[in-house]
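Encoded as structure tokens, the structure appears first; notes follow it.
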Amino acid sequence: MDKDKLIDDLIKLAFAEDIGDGDHTTLCCIPDTAMGKSQLIIKEDGVLAGVEMARRIFHDFDSELKMTVFIQDGAEVKKGDVAFVVEGKIRSLLQTERLMLNVMQRMSGIATTTRRYAKALDGTKTHVLDTRKTTPGMRMIEKEAVRIGGGMNHRIGLFDMILLKDNHVDFAGGIEQAITRAHDYLKEKGKNLKIEIEVRNLDELEQVLKVGGVDRIMLDNFNVEKTKEAVRRINGRYEVESSGGITFDTLRDYAECGVDFISVGALTHSVKSLDMSFKAC
């Protein structure tokens, strides 16, 4: 998978849907030779993410735009901060403004939320993970925002890990069959991928522990007490991930059970964008 190509394709598609056959508002009132500069102003407290994406957006549209960065990705910002200034053709500044803001506001919202979750886990061994619950076409930059915010990426897509979920197990005919087929497939294809399996209860956990052959066990919709018991039974033999029904308020309770990871779909599917603006200066 070529991450850079996917991002380049996203930028091209975004410009195509926004500009179409031309930004007629800008073209009708701004001379082609007019030069100026604009600054990115932060309008609420949070974690900044997307500076490097903004650089790519500006460069791909007009390589002569000059960007001066004052605040880097991952920094905690306050209302009124100026993250960067961009100088060049005014037409280019106006035509790149919305795409840059859409990306940076979305990424910064994700990074801000992730930082909050990561800080709540301070002092435990648990890491917060993202999921595949991302905006279609924007997964690479949304997962990068999670990383910037202090979280970890679970898997990028269906290609970089085997995750045997409930439907896979049921369609395969059971836990042993699913695990066995996963190993047979990897051997046949010559691939070296980690195997994770989801369990829905302690009985299924016992089946996995009997069969073995996995790298991580996902505890799906376990309550805190059952999570403690599951961690005790696993006893460090496999990585343990908690998933499903975990809120910010219960996050720490699950971490203190001793799990290695907690996956949170809300990091990418339910975040509020961080407010900012791009104004002439």
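The values are calculated or read from the model by the stated rules, or taken from the named source; none is laboratory data. Quantities reported herein were computed from a predicted structural model and do not represent experimental measurements. Counting neighbours? That spans all protein chains shown, and the Cβs are built from the backbone with ideal geometry, glycine included. Ligands, DNA and RNA are stripped out before the accessible areas are found, and what is left, the full protein with its side chains, is counted by its heavy atoms. Shrake-Rupley method; radii C 1.70, N 1.55, O 1.52, S 1.80 Å.
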| Is it true that Y185 is at pLDDT 95 or above, under 19 Å from E241 (Cβ atoms) and aromatic (F, W, Y)? | no
| message | Going by what's in this entry, would D81 be described as among the acidic types (D, E) and under 19 Å from L40 (Cα atoms)? | response | yes
| query | Does region 196-204 contain any residue that is open to solvent by 90 Å² or more (accessible area, probe 1.4 Å), under 25 Å from the mean Cα position of the chain (by Cα) and at pLDDT 95 or above? | reply | no
| request: Within region 169-195, track down each residue that is of a type outside the set (A, V, I, L, M, F, W, C) and surrounded by 17 or more Cβ atoms within 10 Å (Cβ to Cβ). | output: none
| field | Which listed residue, of V231, V208, is touching a residue at least 24 places away in the same chain (Cβ under 8 Å), of a type outside the set (G, A, S) and surrounded by fewer than 21 Cβ atoms within 10 Å (Cβ to Cβ) | value | V231
| field | Single match in F248, F159 (criterion: exposed (fewer than 12 other Cβ atoms within 10 Å of the Cβ), under 28 Å from the mean Cα position of the chain (by Cα) and touching a residue at least 24 places away in the same chain (Cβ under 8 Å)) | value | F159
| query | Of all the strands (runs of 3 or more DSSP E) wholly in region 1-99, which have at least 3 residues that are surrounded by 13 or more Cβ atoms within 10 Å (Cβ to Cβ) and not charged (D, E, K, R)? | reply | 35-42, 82-89
| note | Checked against (1) modelled with pLDDT of 95 or more; (2) in contact with a Leu (Cβ under 8 Å, 6 or more places away or on another chain), G137 satisfies every condition except (1)
| remark: A careful count of residues in region 133-143 that are in contact with a helix residue (DSSP H, G or I) (Cβ under 7 Å, 6 or more places away or on another chain), open to solvent by 20 Å² or more (accessible area, probe 1.4 Å) and more than 15 Å from S263 (Cα to Cα) gives 4
| message | Here's a check for you: in region 104-132, which residue that is hydrophobic (A, V, I, L, M, F, W, C) and touching a residue at least 60 places away in the same chain (Cβ under 8 Å) is surrounded by the fewest Cβ atoms within 10 Å (Cβ to Cβ)? | response | A120
